[in-house]
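Enquirer: Sharing a structure below in structure tokens format, with a few things to ask.
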Amino acid sequence: MAERNSTGLLMMMLEPTPAIAMTLPADVREKLAELELELSEGDITQKGYEKKRSKLLAPYIPQIQGVDPSLLSSQAGLGPTGSKHNKTRAANTRDERFRSDLHTEAVHAALAKYKERKMPMPSKRRSVLVQSSVEACTPPDTSSASEDEGSLRRAGRMVSSTPYQNHPAPNVEHWFNRVIQGSSTSSSASSTSSHPGGRASAHATAANAAAVLADLMAHTQIGQYHTTTHPDRSLTDFSLFSIPLSVHHLPGVPVSSRVSSKIQQLLNTLKRPKRPPLREFFVDDFEELVDVQQPDPNQPKAEGNQMSPLEGEPVGLISNWPPSLLTSLQRWGTTHSKSPCLTALDNAGKPVYTLTYGKLWTRSQKLAYTLLNKLSTRNEPLLLPGDRVALVFPNNDPVMFMVAFYGCLLAELVPVPIEVPLTRKDAGSQQIGFLLGSCGVTLALTTEACQKGLPKAQTGEVVTFKGWPRLLWFVTDGKHVVKPPKDWHPTIREASNEIAYIEYKSSKEGSTMGITVSYSAMLAHCQALSQACAYTQAETICNVLDFKRDAGLWHGVLTSVMNRMHVISIPYSLMKANPLSWIQKVHTYKARVAVVKSRDMHWSLLAQRDQRDINLSSLRMLIVADGANPWSISSCDAFLNVFQARGLRPEVICPCASSAEALTVAIRRPPESGVPPPGKAVLSMSGLSHGVIRVDTDEKLSVLTVQDVGQVMPGALVCVVHVEGIPYLCQTDEVGEICVSSRSTGITYYGLPGMTKNIFEVSSGAPISDRPFTRTSLLGFIGPDKLVFIVGKMDGLMTVSGRRHNADDVVATALAVEPMKFVYRGRIAVFSVSVLHDERIVVVAEQRPDASEEDSFQWMSRVLQAIDSIHQVGVYCLALVPANTLPKAPLGGIHISETKQRFLEGALHPCNVLMCPHTCVTNLPKPRQKQPEAGPASMIVGNLVAGKRIAQACGRDVTQLEDNDQFLYMQDVLQWRAQATPDHSLFLVLNAKGTVSSTASCLQLHKRAERVAVALMEKGRLNTGDHVALVYPPGIDLIATFYGCLYAGCVPVTVRPPHPQNLATTLPTVKMIVEVSKSVCILTTQAIMKLLKSKEATAAVDVKSWPLVLETDDLPRKKSFQMYKPPTPEMLAYLDFSVSTTGILAGVKMSHAATSALCRSIKLQCELYPSRQIAICLDPYCGLGFALWCLCSVYSGHQSILVPPLELETNVSLWLSAVSQYKVRVTFCSYSVMEMCTKGLGSQTEALRLRSVNLSCVRTCMVVAEERPRITLTQSFSKIFKDLGLSPRAVSTTFGCRVNVAICLQGTSGPDPTTVYLDMRALRHDRVRLVERGSPHSLPLMESGKILPGVKVIIANTETKGPLGDSHLGEVWVSSPHNATGYYTVYGEEALHADHFNTKLSFGDTHTIWARTGYLGFLRRTELTDASGERHDALYVVGSLDETLELRGMRYHPIDIETSVIRSHKSIAECAVFTWTNLLVVVVELSGSEHEALDLVPLVTNVVLEEHYLIVGVVVVVDPGVIPINSRGEKQRMHLRDGFLADQLDPIYVAYNM
């Protein structure tokens, strides 16, 4: 430690001052940055880093004057360990070094090392509200670098968030950018917003402005005609995202706000070098084997000889010992009938009743007689000897229990004592029911008072508890039992191997077993206890324990009767009211023996005021029943310190060890029995974790002090065996499980022969004795003087990465961190959960109501550090729950297995959670190193690449022309239709009621278009080629003005209108598109025109800078008009603006030739003719939605029924009713529409059928999308509406993107879409591996529809740009006459996107010009044949390249992680993930109540670790509807990211995983 501190001091002195930091030469700064990066990546240790760093800085640091470096280290050594002077004290006190304070001291010393490190505190909503607005309004950072770097550059300040952070850090930028820039493997690199710290140069501001605009654009995509996918996603939700239109804020650069600085803090905590990583391996690229723990060659190993079994002293043969326990009862009941047997106390501590031996004898006989003779069903006796009977007695009625217990024994029935079930949902009550059922219990005995308190059904009978068998309840109070006739006597036999009673025990997993104890074992145990404790007749014993089981039953009910002792029973309720009560009773009754738990000793210390008149000199034995708990020593010591002055002799304290299976294992003998003095052991924790005993090593901090639990019981043979594997004997310096062979152990688990064999019939590796051994589940060793030492229990054993830790030890360490202020001492649960093939430690504590958020968080972080330091193990999760909410065990304490169950189900409802997966998950697979791909040198033979068919496919050939294919211009087609079929109706628009709100025939449309053209020429004085923004709601106006622009030779740009209730967010988008598209005029309706210039609009944008705005509501009749003829079909027809999911606003240029080619392909694929009708429920502003809405009907002449998606908000069934009413064969919708129908109509199919909605007419229903097909949504849609006649084959998807809006469309003919299953792990390595349906890690993927006529598709390697083989994952490239001709603008990324539209393969067919879609996918030749008789090639789209996350060298698609997360808890409505500076951020929408928010954090972390081998950095819990969605129903993850970093999400909770 000394050495560690000295380096720390030296470090501080080596910190360059701000002035020096500024003057460091550039190359030194660069080297420092590289060094920092190495440290953050874990490539260099902290020590190495400090050494190299001080070397670099040495020439620039002024010499420290007057301080001798050697002095530094010696001073640093003085610390908490310097408290050695108080070793010597009076001989009769316990050795000071073993005080429990030693542990507390150790913990505080360990914490001192961590003093300065800050951890980011989780944010809760209420703290968000309290936050002063000043912080939120800090002006954004104007530099384009990351927050830290920017501030350092500006003022040369130090950012001192952690000890390792006090240096100028130009490296932070690297750290931020590394993964993000690596994540974009295509030239369509991620958006500006995913490049924090972009290039700071003159064009940065332009890029900024553009990015901000892009940013805003995406919000408005969510604007007015946003189709909601969540009933609660109201449009106003998106006002959260309003970002002021300024040129300062680059999305993705942290605004100086709470969130980003916290993330910075989190990064800093992650920068410190982890424990050296375990040896990791990776077998074949597919088998991502998680690291298996390799034993550390330096770990301590056992060196002792093999232990020899330890024998207890022989059982003394006392002549008058009874042949059975019942003989004793009979003897004392008849000869000493007036002797007191048991005194019961009330809650005030007053004696209520004293049961004499005579009364016990007579009342037990009455009950026995009644049970055997007076209970019958159909004249058959209800009970026969040997039947099991439940004893349900409250803890404050020992008298009735004792009578019932002995009554059952006298009737030869088997009592099964259990706890009183208070409610139907008691923790563990179901398991007790299972035990009763398996024991065949039909009758329960109880008291009248208890029976009245049990929950009743309406019939007045006691309810049947969950999981319980049907029971008859019999009240044993006097009036219900009958006096036996004179001639009836109970049969009292000699002790045999018949079952006497069954004691229940709960296992670590929560299951309950019944341990059977025979008459002979019961008697032998009583004899052994009597001998070990030197009990004498008529002694008084004070029993504070539960008399139904364990030591309370053995001492207070059984052995006491054998020795005619007087028991004073102290109920738990009295202890809660007066913790000193048992001490007062010892004093009052001059009790010779007391049986307590260390908790009772601890409690009595807290009530010191009333101790004055107490004398404990009568005690000859204070039996500590849980002496086997290693931490009982602290209670014993503290108790002795206080009460020694009250007559308590040190040697009276007798810890004992017991287990439910082996009963008492060892007990310290009373002083008079001439045994060796008590022993102590100070053991190295680290040795114990490897299972070996090493006494007090130099590492003073992590030691465990244990006291012995005395000698083995009389007549028993004890050995210590290996915990795992074959039970061989341990070596003498090895910790193992203690096994006992004696006559006084339990004999079986009732009804569980297999488990019985493992536990009760252990024969150790070498035969030692002819009797089998019983496992005690106690871990320990035999020390000097044949003393038994216990260091833990099997139940509390947690094996983490091959090392064993004990739950009790971890609890004690947590408590040593000044707990009383923040948590309740006795209410801490520690258990392990299995995540990613290893145990992970979870600590749950109850928080005091008065502890502040901040204090609790500080306490939590200190607990983590203490456990890390002392046990050298990381805590996976630390949770605080509100007071009194953890499930309780019957007598206080916490029900661990139930707590664990709730934790795993997400039902614990904590109020604070701290997850630390980064420190404790050390067995992740190795990050992947990229393999060099086969380059152009791998010869292409014919059309095979690397032995596989080249992945390329094409739609039908379109060279054969049809009737109107001579038209290259849409305006010519409309003019021709207006002459040829003037009255043919092209469009019907429906309103929310389902009625037609407007229509247009060919001639009407032509006429309106002409009027618009005239208005543009005359009012607008526009020139040909001018850009015109069309801001209209979905309807005929939009279509007419589009053609009007073409007639006038202008270039139309369709823009979604602003939402009147949400101008702040939606209007800037309109403004941005108008500016970016360089529109010189806006055409719109009168209402929208008013809105654009309203007072509200001035708050959002500069209304004075709008270009000319013309409203087209009533245009004059046309004068003569000359239509414009474009000189070539390659001229620009219209601009299509849209926001990608990564938040980039991109307008693509569509030429006249491409526009008509697009319409021709769709016409051929869907077989569209003038006699057809199609229904469209899409937004008409961009992509395929726009083409279907505005172009296709005019080209093909079919009638389009237009359903604006916004109308579905008021009438969900509008679209499907229209499809049914018009008997439509082909219909198009978006995912958001499909989701609304699925959620909104799922339960209403019956009502729709009654309204005669019938979907059997539908041949194809196509979802227009630019993403991987959402297979679960399309399947559930098909399933729900199957009842309305929808064919399961009808639903399919389309695929288009910016470079080509329609690549695939299912169409009306051709094979059905196929589904394949991919191995998700191979996909992360950019490989396609097909697996069977249902195999682990499988991902279903549906084909994205058929490739359109005239379209050619090839799969290319994203890096080498070479062609790939069949079933290989690569970028989808497309060549077709309807490709867009280029980007009009992609804000901020012009250079990156230059080759999107004209790129060539690097080898193979190097002539064809392709457009890169930016999507990953693969082609696969199927067994099916298409229309031309060829084998069908299916295109599968996996996801957008820009969206992928590169983490640990692998490529992840956000949707896969999101799917796992949504599955993890029922209250997660939606989820989105993104990365920020190497951290994975998961945002979940909570549909339940807010107190469930924190339950999600561990579950989300678990599922992502288990299924994706990734550690979640931040979990953000938000309200439903916060995750932004664009008009196509796609998540806008980049926006969400910007909203999160700018602190605009108003989260319910933000958890930063350490």
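Enquirer: Among 1411, 1465, 1441, which residue has its Cα positioned farthest towards the positive end of the charge dipole of the stretch 1373-1523, with +1 placed on the Cβ of Lys and Arg, -1 on the Cβ of Asp and Glu, and the dipole taken about the Cα centre?
Expert: Of 1411, 1465, 1441, it is 1411.
Enquirer: Taking the alpha-carbon distance from residue 366 and a cut-off under 29 Å, which lysines remain once sequence neighbours fewer than 8 residues away in the same chain are dropped?
Expert: 338, 350, 374, 452, 456, 479, 483, 486, 548
Enquirer: A follow-up question, please. Considering only protein heavy atoms, with the full assembly of protein chains and a 1.4 angstrom probe, order 486, 786 by accessible area, largest first.
Expert: 486, 786
Enquirer: The stretch 1336-1476: D in µm²/s via Stokes-Einstein (Kirkwood Rh, Cα pairs, 37 °C, 0.692 mPa s)?
Expert: For the chosen part, D equals 189 µm²/s.
Enquirer: Using a basic spin-label model with each label point 7 Å from the Cα along Cα→Cβ, how many nm lie between residue 985 and residue 1019?
Expert: Result: 2.9 nm between the two label points.
Enquirer: Along its principal axes, what span do the Cα atoms of the stretch 1061-1163 show, with the longest given first and each in whole Å?
Expert: Principal-axis extents of the Cα atoms in the stretch 1061-1163, largest first: 46, 44, 24 Å.
Enquirer: Can you pull the percent of the stretch 1421-1554's accessible area that's carbon plus sulfur, 1.4 Å probe, other chains left in place?
Expert: The C+S portion of the solvent-accessible surface of the stretch 1421-1554 is 48 percent.
Enquirer: Computed FRET efficiency, Cβ-Cβ of residue 1402 and residue 1282, R0 60 Å: what is it to the nearest 0.05?
Expert: That gives a FRET efficiency of 0.80.
Enquirer: Would you mind counting up the charge near residue 1423? Only other residues with Cβ under 14 Å from its Cβ, with Lys and Arg at +1 and Asp and Glu at -1.
Expert: -3
Enquirer: List residues of the stretch 1206-1223, by number, whose backbone nitrogen lies under 19 Å from a label position 7 Å along Cα→C-beta of residue 1245.
Expert: Zone members listed by number: 1212-1221.
Enquirer: Using the heavy atoms of the protein chains and a 1.4 angstrom probe, tell me the accessible area per residue for the stretch 1077-1159 in square angstrom.
Expert: Each residue of the stretch 1077-1159 exposes 45 Å² on average to a 1.4 Å probe.
Enquirer: So for the stretch 1147-1301, if I pair up every lysine 8 or more residues apart or on another chain, how many of those pairs have alpha-carbons under 23 Å apart?
Expert: 6
Enquirer: Suppose we look only past 15 Å in the calculated P(r) of the stretch 825-898. What percent of the Cα-Cα pairs does that tail hold?
Expert: When all Cα pairs of the stretch 825-898 are counted, 59 percent exceed 15 Å.
Enquirer: Another question, then. Under 17 Å from a label point 7 Å along Cα→Cβ of residue 1099: give me every residue in the stretch 1045-1069 with its amide N that close.
Expert: Under cut-off, by backbone N: 1058-1069.
Enquirer: If you don't mind, another one. Starting from the residue with the highest accessible area, list 419, 1371, 1096, 1506 in decreasing order, probe 1.4 Å.
Expert: Most to least solvent-accessible, the answer reads 1096, 1506, 419, 1371.
Enquirer: Right, here's the next one. What does a probe at residue 354 reach in the stretch 563-585, counting residues whose amide N is under 15 Å from the point 7 Å along Cα→Cβ?
Expert: Zone members listed by number: 565-569, 585.
Enquirer: In terms of the Cα gyration tensor, with a ≥ b ≥ c the square roots of its eigenvalues, is the stretch 635-746 rounded because a/c is under 1.5, prolate because a/b exceeds b/c, or oblate?
Expert: Oblate, because a/c is 1.5 or more while a/b does not exceed b/c.
Enquirer: Using the charge dipole of the stretch 1081-1142 (Lys, Arg: +1 at Cβ; Asp, Glu: -1 at Cβ; taken about the Cα centre), state which of 1092, 1115, 1141 has its Cα farthest towards the positive end.
Expert: Among 1092, 1115, 1141, the one farthest towards the positive end of the dipole of the stretch 1081-1142 is 1115.
Enquirer: On to the next question. Any chance you could list the semi-axes, whole Å, largest first, of the equivalent ellipsoid that the Cα gyration tensor gives for the stretch 1253-1398, using √(5λ)?
Expert: 30, 22, 14
Enquirer: While we're on this one: Need one number: nm distance between label points at residue 607 and residue 1111, each 7 Å from Cα along Cα→Cβ, rounded to one decimal.
Expert: Computed distance between label sites residue 607 and residue 1111 equals 8.3 nm.
Enquirer: Let me ask something additional. Just the number, please: Stokes-Einstein D of the stretch 740-830 in µm²/s, Kirkwood Rh from C-alpha pairs, 10 °C, 1.306 mPa s.
Expert: Approximately 98 µm²/s, per Stokes-Einstein.
Enquirer: Could you look at the stretch 517-676 and say what percent of its accessible area is carbon and sulfur, using a 1.4 Å probe and all protein chains?
Expert: Roughly 48 percent, rounded to a whole number.
Enquirer: Taking R0 as 60 Å, what FRET efficiency do you get between residue 617 and residue 51 from their Cβ-Cβ distance, rounded to the nearest 0.05?
Expert: The value I calculate is 0.40.
Enquirer: Any chance you could count the Lys pairs in the stretch 975-1080 whose alpha carbons are under 29 Å apart, treating pairs 8 or more apart or on different chains as valid?
Expert: Counting lysine pairs in the stretch 975-1080 gives 5.
Enquirer: Got a number for carbon plus sulfur as a percent of the stretch 1138-1209's accessible area, 1.4 Å probe?
Expert: C and S fraction of accessible area: 46 percent.
Enquirer: With labels modelled as points extended 7 Å from the Cα through the Cβ direction, what inter-label distance (nm, one decimal) is found for residue 1122 paired with residue 461?
Expert: That separation, rounded to one decimal, is 10.1 nm.
Enquirer: Leaving out same-chain residues fewer than 8 places away, which lysines sit with a Cα under 21 Å from that of residue 900?
Expert: Straight-line reach from residue 900, under 21 Å: 425, 466, 505, 508, 793, 888, 1466.
Enquirer: Next question, about the same structure. Starting from 0.36 nm per residue, how many nanometres of slack lie between residue 538 and residue 728 once their C-alpha separation is accounted for?
Expert: 63.9 nm
The values are calculated or read from the model by the stated rules, or taken from the named source; none is laboratory data. Quantities reported herein were computed from a predicted structural model and do not represent experimental measurements. Virtual Cβ from ideal backbone geometry, glycine too; neighbours counted across all protein chains shown. Side chains are part of the model used for accessible areas, which takes the heavy atoms of the whole protein and leaves out ligands, DNA and RNA. Shrake-Rupley method; radii C 1.70, N 1.55, O 1.52, S 1.80 Å.
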